[in-house]
Structure formats: C-alpha cells, structure tokens
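Here the structure is laid out as structure tokens; the discussion comes afterwards.
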Amino acid sequence: MQHFDTLIKNGLIITAADRYMADIAIRDGRIVAMGQALGEANEVIDADGLWVMPGGVDAHCHLDQPLNDGAVMADDFFTGTRSAACGGTTTVIPFAAQQKGQSLYAAVEDYHRRSEGKAMVDYAFHMIVTDPTEVVLKEELPALIEKGYSSFKIYLTYDDLKLNDREVLEVLAMARREGGMVMIHAENADCIAYITELLESQGQTKPYYHGVAHSAIAEREATHRAISLAELIDVPLLIVHVSGPDAIEQIRWAQNRGLRVYGETCPQYLVLTLDDLDQAGFEGAKYVCSPPPRDAAAQEAVWQALESGVFQVFSSDHAPFRYDDAKGKKLHGECADFQHIPNGIPGLETRLSILFSEGVIKQRIDATRFVALTATQPAKIYGLYPRKGTIAIGSDADLTLWDPNARTTIRNSELHHAVDYTPYEGLELTGKPVLTMCRGQVVSRNGQPAGEAGYGLFLKCDKPQPARPRGAAKGF
Ligand code: URP
Ligand code: ZN
Ligand code: ZN
C-alpha cells in the first residue's frame, strides 16, 4: 500500500476545466496521485462538503515597493503574504520597480533583499520598467527574462513612471525578441493632468474628484493606443486593472481582430463605485485608486467581460496605504487635494472571497471560470504553469479548501494585512476558504495564519507561451 505525507479525502475538486470527486495524495510538497482508495498518509484531511480548488495566484499586488514621494507601503512580504494565505492565495507576484536612472539589476537585487526570509507563500517578481535605456533594453531585460523574471509592467501615466510612445515601442520590440510578457497601465496622462488642473482651479479638490479626473475616456484612449502599438510590433500585451466598458470594448475589439491582447480586472471594479469616493471629510481617500471605480453599469460590463472571456486574469492590485498615517493616505494631510493622495487600495485577502461570493454563488460565473481567472490563467500567462495554478499530478500541492455555504462579513479587524482599513468593510459574503496549503504545508486554517515567515519560495517564471507573437518577424 502506498504511503503519503497527506491525503485530502472526500472533497469536490474544481479546476479550470472540470469538477469531480476524488482524493488527493501529496508527497514532498507535490500532488502525486488522485483517485479513490489511494493508500495511507501521515495526515488525512477530511474535505467532505468542501470544494478543493487550486491555491490562488495573485498576479498583481504591490508589497514593500519603494516610492518616490515619501509614502510607504503598509505591507511587506511578511504581512502581505500572511494576508494572502488567509484569503486562499498561495502565490503572489509583486513588482520590483526600477527608479529612473537605476539599473534594473539593482532594482531586482533590492527586491530580493526586501523579500528574503519573509514570505509565507510562494512568490515571483514582475518588474516595473520606468527607464528603458539602451543598456536596460539590450542587456539587462534580456538577461533577466532568461533568469526567470519574464514579465514587466510599463505605465502611460504617473509622472515618475510613464513612458512615451516611442519608449513603449522600444520596450514592446524587446519583449517580442526576448519572449517577455508586457503588462500596461493604460491611462492618458495628459488628459488626467488637464482635467486635474481645471478641477483644482475651481476648488474641486476632494477625493471624489480623483474619479472625475481619471476619466474613462482617458483610460479608453490609452488602452486603444497601447493595443495599436502592440499590433504594430506584433507582440502580445496585457492591459491591467481594467475598470469598465470603454476599455473593455477596445480589448474585445482587439481580440476579435485576432490580436493576443489580454485583460485583467480587480474586485474594486465589481463592488465599488465612484460614489464610494464621495464621503464626508477625507474618508473618500480610502477608495482612491487608478483607474477609479466607476458606476453600476460599468460593474455590469466588467461582469460580462469576466463571464465571456474578455478577461483572463482577476487580481487584487493590492497597493496598501494606511489611512490614518502621514506616510499613507494622509501623506499631505487630511485636507490634501485629490492629486496628492497615494493611489491604491488593499485587497489581497479579500480578492478570492469577493469573486467567489459575488460571482460563483450569485451565478454570474461558474466555479471553473473562477479557478481559471484566479489561478490557472495567471499561472499560464506569467510562466508558472503547470507547477502553479492547477490540481494535477506533478503540480505543487497548492490547494484551498472552500466551504461554499459559510456566511461572513468583511471586517478589517479580522484581516491580516497591515492596513488600518478595508474598502470592503461590512460586505456580506457567502463562501470562505477554510484551509490553505502551499506545497503541502498548511499556511492558513479558518482564516487564521498557520504558516511561517520564510516558508515561501522565490519562483522563477518561464517565458510564457501566451507571450509568443502571432506571426513571423516583422519586415522592419
Ligand atoms: O491605484 C493603483 N492602482 N495603485 C497601484 C499602482 C498601479 O498603478 O497599479
Ligand atoms: Zn497600474
Ligand atoms: Zn498595481
């Protein structure tokens, strides 16, 4: 009779493709058998009545990322990954961000120092490219892509991050040559700056006006431009944190043309609206993120795009700033103009539960699509599949056991990040992760951390298959 480290028995297994009853046998952190009557184990976990899904892959979150304006992210690799584990996520991909003038090698080394010995779940790095010099494009990025840093984000907005169109083209051409996956923050910087100046001159400076300045048209224009630049080079592109129908229409249009354009959205575009920014005093700052949440019609469009496959990836875009903190949302005081409020909201721990409850339980998406969006497709798009993102023999035993009937209410006091609020306070949910396992070790039980700092491994990402161009080399 075979002997295993762990057996998970009687659960309903759900992958991106199938749902079926089977036991899962784990040895040395990997899934080694699936079926019935597999053998004995040191530990047997009874998953009767539970759904067994791949551990979540949160492919867009910001942890301990150095910033230029004096703001400090609340979560480092310890608190961020603790929060991830408690929410059912077993792999995170935050960003090693290049400062202008900095070597990308230095940014990646610095990020390794920040993460060393801290993570409770596994992690890989994307890079953020802000200064695409010849050395970066010809030496550093090609070498880093080979070494397992195969994806990076570029920006069309934020003064300290944005690239011009020529620079975007150079970066895209490099990605095509080297097989990297490019993510883009698509908002038109000049449109935002123009509206911001007008609003400020009229004294319209409250957090709510962040949402007015970051117009959906500015997002739509930048999305279309990014797609056009990628089409010119013939390279795949992923548009991150898409907020509503204007940008979705551009992505769908590109996909219908046969272009390899991928889309990501986030919980804030499903359950928040611009009205959340319209609060007494400075409270609206808690919801300031870019692009901003829009309206109920936009939420509906995002749901449809999740359902119909326009989006491949559902991430948190966890960007953690404390509210009541001079290094957080109140960096410039509690009467600060909206343009000086650090952008970003927390969401690592609540990402999966929100989509599970609002999507699967309310029957807007089915459970297999939930798995695809939150684990399998991000793992494929960023070169971690099949080690991560699925339940299969040979894959890491990264599993989340869900009670689909449990009722919960989101309370910041019960979350494990280091942020002093959640934008989802009071949201009532059905379904919760009751046990999370990373490489066969329990890292969270009943929403409480059960693992150790330093357990999480750094993962090298392969060159992703979805980053391959469609055609032969361009004639220019
Ligand atoms: O407001 C946001 N999204 N902050 C995080 C940084 C980014 O652009 O993703
Ligand atoms: Zn962004
Ligand atoms: Zn982000």
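Annotations
- Residue match in region 247-264 (condition: surrounded by fewer than 24 Cβ atoms within 10 Å (Cβ to Cβ), touching a residue at least 40 places away in the same chain (Cβ under 8 Å) and hydrophobic (A, V, I, L, M, F, W, C)): yes
- Candidates Asp131, Asp110, Asp160, Asp122, filtered to the one that is within 16 Å of ligand 3 (Cβ to nearest atom) and not polar (S, T, N, Q): Asp160
- In the set Leu161, Leu169, only one residue is within 16 Å of ligand 2 (Cβ to nearest atom), surrounded by fewer than 24 Cβ atoms within 10 Å (Cβ to Cβ) and hydrophobic (A, V, I, L, M, F, W, C); that residue is Leu161.
- Look at region 330-359: where a residue is more than 16 Å from ligand 3 (Cβ to nearest atom) and polar (S, T, N, Q) and a partner is in a helix (DSSP H, G or I) and open to solvent by 10 Å² or more (accessible area, probe 1.4 Å), sitting 6+ places away or on another chain with Cβ atoms under 6 Å, you get Gln339/Thr196.
- Residues that are open to solvent by 40 Å² or more (accessible area, probe 1.4 Å) and within 12 Å of Gly49 (Cα to Cα) within region 3-26 comprise Lys9, Asn10, Met21, listed in sequence order.
- Residue satisfying all of: in region 141-158; more than 16 Å from ligand 1 (Cβ to nearest atom) and not charged (D, E, K, R); surrounded by the most Cβ atoms within 10 Å (Cβ to Cβ) among these: Ser150
- Among the residues listed as Leu352, Leu348, Leu384, the single one being within 30 Å of Ile192 (Cα to Cα) and crowded, with 24+ Cβ neighbours inside 10 Å: Leu348
- From the list Asp64, Asp58, the one residue that fits, being within 16 Å of ligand 1 (Cβ to nearest atom), within 16 Å of the chain's Cα centre (by Cα) and open to solvent by 10 Å² or more (accessible area, probe 1.4 Å), is Asp64.
- Region 236-246, residues that are open to solvent by less than 30 Å² (accessible area, probe 1.4 Å) and either at positive phi or not hydrophobic (A, V, I, L, M, F, W, C) (or both): Pro236, His241, Ser243, Gly244
- Check on Lys138, away from ligand 3 (no atom under 16 Å from the Cβ), assigned to a loop (DSSP other than H, G, I, E, B) and open to solvent by 60 Å² or more (accessible area, probe 1.4 Å): no
- Matching residues in region 141-180 - criterion: being touching a strand residue (DSSP E or B) at 6+ places or on another chain (Cβ under 8 Å) and assigned to a loop (DSSP other than H, G, I, E, B): Tyr149, Ser150, Leu156, Thr157, Tyr158, Leu161, Leu163, Gly180
- Pair list, Cβ < 6 Å and 6+ apart or interchain, from region 217-241 residues that are basic (Lys, Arg) to residues that are modelled with pLDDT of 95 or more and within 16 Å of ligand 2 (Cβ to nearest atom): Arg220/Ala247
- Within region 217-235, tally of residues that are in contact with a Leu (Cβ under 8 Å, 6 or more places away or on another chain), surrounded by fewer than 24 Cβ atoms within 10 Å (Cβ to Cβ) and closer than 27 Å to Cys61 by Cβ: 3
- Considering only residues in region 71-89 that are aliphatic (A, V, I, L, M) and in a loop (DSSP other than H, G, I, E, B), the one that is most open to solvent (accessible area, probe 1.4 Å) turns out to be Val72.
- Options Gly284, Gly333: the member that is part of a helix (DSSP H, G or I), more than 19 Å from the chain's Cα centre (by Cα) and more than 16 Å from ligand 2 (Cβ to nearest atom): Gly284
Residue-wise test of (1) acidic (Asp, Glu); (2) assigned to a loop (DSSP other than H, G, I, E, B); (3) open to solvent by 80 Å² or more (accessible area, probe 1.4 Å).
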position	(1), (2), (3)
Arg407	no, no, yes
Ser413	no, no, yes
Val419	no, yes, no
Thr422	no, yes, no
Glu452	yes, yes, yes
Tyr455	no, yes, no
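- All positions within region 107-135 that are of a type in the set (Ser, Thr, Tyr) and open to solvent by 10 Å² or more (accessible area, probe 1.4 Å): Tyr123, Thr133
- Residue within region 356-374 that is within 16 Å of ligand 1 (Cβ to nearest atom) and either touching a Leu at 6+ places or on another chain (Cβ under 7 Å) or assigned to a loop (DSSP other than H, G, I, E, B) (or both) present: no
- Members of region 310-327 found to be more than 14 Å from ligand 2 (Cβ to nearest atom), closer than 11 Å to Pro346 by Cβ and under 21 Å from the mean Cα position of the chain (by Cα), listed by number: Pro320, Phe321, Arg322
- Listed here are the helices (runs of 4 or more DSSP H) enclosed by region 181-259 that have at least 2 residues being within 21 Å of the chain's Cα centre (by Cα): 216-233, 245-256.
The values are calculated or read from the model by the stated rules, or taken from the named source; none is laboratory data. Computed from a predicted model, the values in this text were never measured in an experiment. A quick note on method: Cβ atoms are made from the backbone with ideal geometry, for glycine too, and the neighbour counts reach across all protein chains shown. What goes into the accessible areas is simple: the full protein's heavy atoms, side chains included, and nothing from ligands, DNA or RNA. Shrake-Rupley method; radii C 1.70, N 1.55, O 1.52, S 1.80 Å.
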